[in-house]
Amino acid sequence: MVMATMRLSKPVALFILLLSAVALSGLSLTHGFVITPRTLLDRLSESSSYLTTKELWFDQTLDHHSPYDHRQFKQRYYQFLDYFQVPDGPIFLQICGESSCRGISNDYISVLAKKFGAAVVSLEHRYYGKSSPFKSHTTENLKYLSSKQALFDLAVFRQWYQESLNLKQNKPGAENSWFVFGISYSGALSAWFRLKFPHLTCGSLASSAVVLSVYNYTDYDKQVGESAGPECKAALQEITQLVDRSLESNRTELKKQFGATELEIDGDFLYFLADAAAVAFQCGNPDTLCTPLVEAKKAGEDLVAAYAKYVQEYFVRTFGVSVETYNQRYLKNISVSEYNSDRLWWFQVCTEVAYFQVAPSNDSIRSSKVDTKYHLDLCKNLFGEGIYPEVDVTNIYYGGTKIAGSKIIFTNGSQDPWRHASKQTSSPDMPSYIITCHNCGHGTDMRGCPQSSFGIGGNAENCSSPDAVNKVRQKMIEHIDLWLSQCKATGRNSM
């Protein structure tokens, strides 16, 4: 959820995804996928962080699968037309993911839009932000929250927007060339949109796209260890052992040390600690975590105290994660709030995609107490009996990493724990690129480095290897240019 904006694990995912929502407008992925830290939201509120924040509204169908239910709800969207070459320029559809979508982010999408003379439009995901169909998020009211419904939202919106543009330009029946973008969970939606509606887009960019649903996602923890390197990994594992022992003898003081006394369920507390470490690698700040821990270990200092300092000073205060978003009592709150995305993403996790970030059977970073039972108990506690993720059904419907699509670009950062749920090998008409560098994490191709506070235009100068990022971006441009040209040559979006 570290996705979209894929619990970074739960809140972290939400953050990232906010970054996705903000960047593709998504980061997200920790306790699920994304984390929506308050300080990050404030940081992104600066005018330079967005191409536009002007809200527009669209009447969306509630249930696309019922021929009898004609209810609608208001869905928020944005448009940026400064670079649009009227009337025939392409339209870039930037998909917002599992967090509030506050505008069109000024990341690498702005560079691409300017290069191709494109309009940029962005639709907020149903239920998230200001696009909730209901006044309360009970389990019953959440039954229309799914990736399948979200894809139809995008298709209906795309058609409506094209027709509206034609009306304004007095060009009935015209078809601009569309291209879809997404990061994390919204990256998966981008790939799935091209798969399910190939006639509505010339292609898609699926950045850090988690297209493979996984029940027990042990590769997440394994990648954290690999990205950390031997010394930092050893320090993190020792901290986990010390914390597990201290929970048995000194639970209250331990949680107080981390500023997390409200996390009465030990599994919630241990998930919080696991996410705090993972976000450093997922979001491009590995040295912020590893340098003080390795130094403390070499000096024989208190490792738990060193980690608690990192958690409180970076993960909570700088990164902006709220401890309460790991509290199951908070997650049971059914009230609707623009910035309360955690319950919503957990519903998608508990019904569709899982991504249970459990500890591997050996050599794990996180506590072994963060297991399958913890996740299933959480789903039951939040949403009631009979709620469980239909991972096999999701993978049958979309194809997982064997997705039978075309004209989809997959990109992943080498240090990102979510990349193992993405398509990492190229296949005909679906190129896949791994951006390899020390701080290349979630959505590096669109956000640059670090990914937790992307530079304007997706600036890659702070990546340890800017060339690695720029080489993949050049490949992206070549594919986008080719596929848009093919669309234009036929006068329609190509199959």
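Below, the figures for the structure above:
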| quantity | calculated |
| --- | --- |
| Residues satisfying the stated conditions in the stretch 50-68, i.e. open to solvent by less than 30 Å² (accessible area, probe 1.4 Å) and not in a strand (DSSP E or B) | L62, D63 |
| Residue identified as at pLDDT 95 or above, farther than 15 Å from E124 by Cα and open to solvent by 10 Å² or more (accessible area, probe 1.4 Å) among L212, L142 | L212 |
| Any hit, the stretch 439-451, residues being on the phi > 0 side of the Ramachandran plot, surrounded by 18 or more Cβ atoms within 10 Å (Cβ to Cβ) and in contact with a strand residue (DSSP E or B) (Cβ under 7 Å, 6 or more places away or on another chain) | yes |
| Residue satisfying condition, being of a type in the set (D, E), open to solvent by 10 Å² or more (accessible area, probe 1.4 Å) and either touching a strand residue (DSSP E or B) at 6+ places or on another chain (Cβ under 7 Å) or in a helix (DSSP H, G or I) (or both), within set D275, D268, D244 | D244 |
| Residues of the stretch 452-467 satisfying the condition of being of a type in the set (A, V, I, L, M) and either crowded, with 21+ Cβ neighbours inside 10 Å or on the phi > 0 side of the Ramachandran plot (or both) | A460 |
| Residue in the stretch 479-494 that is open to solvent by less than 10 Å² (accessible area, probe 1.4 Å), over 22 Å from V111 (Cα atoms), in contact with a Cys (Cβ under 8 Å, 6 or more places away or on another chain) and in a loop (DSSP other than H, G, I, E, B) present | yes |
| Residue count, the stretch 304-323 (criterion: more than 19 Å from V243 (Cβ to Cβ) and buried (at least 16 other Cβ atoms within 10 Å of the Cβ)) | 4 |
| Any hit, the stretch 120-131, residues being of a type in the set (A, V, I, L, M, F, W, C), over 17 Å from Q60 (Cβ atoms) and crowded, with 23+ Cβ neighbours inside 10 Å | yes |
| The listed residue being in a helix (DSSP H, G or I) and open to solvent by less than 10 Å² (accessible area, probe 1.4 Å), out of A234, A228, A191 | A191 |
| Pairs with Cβ under 7 Å, 6+ apart, first in the stretch 401-413 and surrounded by fewer than 24 Cβ atoms within 10 Å (Cβ to Cβ), second among the aromatic types (F, W, Y) and modelled with pLDDT of 95 or more | K407/W483 |
| Within the stretch 446-458, tally of residues that are at pLDDT 95 or above and out of contact with any helix residue (DSSP H, G or I) (no Cβ under 6 Å at 6 or more places or on another chain) | 1 |
| Evaluation of G386 against (1) open to solvent by less than 10 Å² (accessible area, probe 1.4 Å); (2) closer than 16 Å to E352 by Cα (one fails), failing number | (1) |
| Filter pass, D416 being in contact with a helix residue (DSSP H, G or I) (Cβ under 9 Å, 6 or more places away or on another chain) and open to solvent by less than 40 Å² (accessible area, probe 1.4 Å) | yes |
| Residues of the stretch 153-187 that turn out to be under 30 Å from C283 (Cα atoms) and either among the acidic types (D, E) or not in a loop (DSSP other than H, G, I, E, B) (or both), as a count | 11 |
| Selection count where residues are in contact with a Lys or Arg (Cβ under 8 Å, 6 or more places away or on another chain), buried (at least 22 other Cβ atoms within 10 Å of the Cβ) and part of a loop (DSSP other than H, G, I, E, B), scope the stretch 329-357 | 1 |
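The values are calculated or read from the model by the stated rules, or taken from the named source; none is laboratory data. Quantities reported herein were computed from a predicted structural model and do not represent experimental measurements. Methodologically, a virtual Cβ is constructed for each residue, glycine included, from the backbone with ideal geometry; neighbour enumeration extends over all protein chains shown. All accessible areas refer to the heavy atoms of the entire protein, side chains included, with ligands and DNA or RNA removed. Shrake-Rupley method; radii C 1.70, N 1.55, O 1.52, S 1.80 Å.
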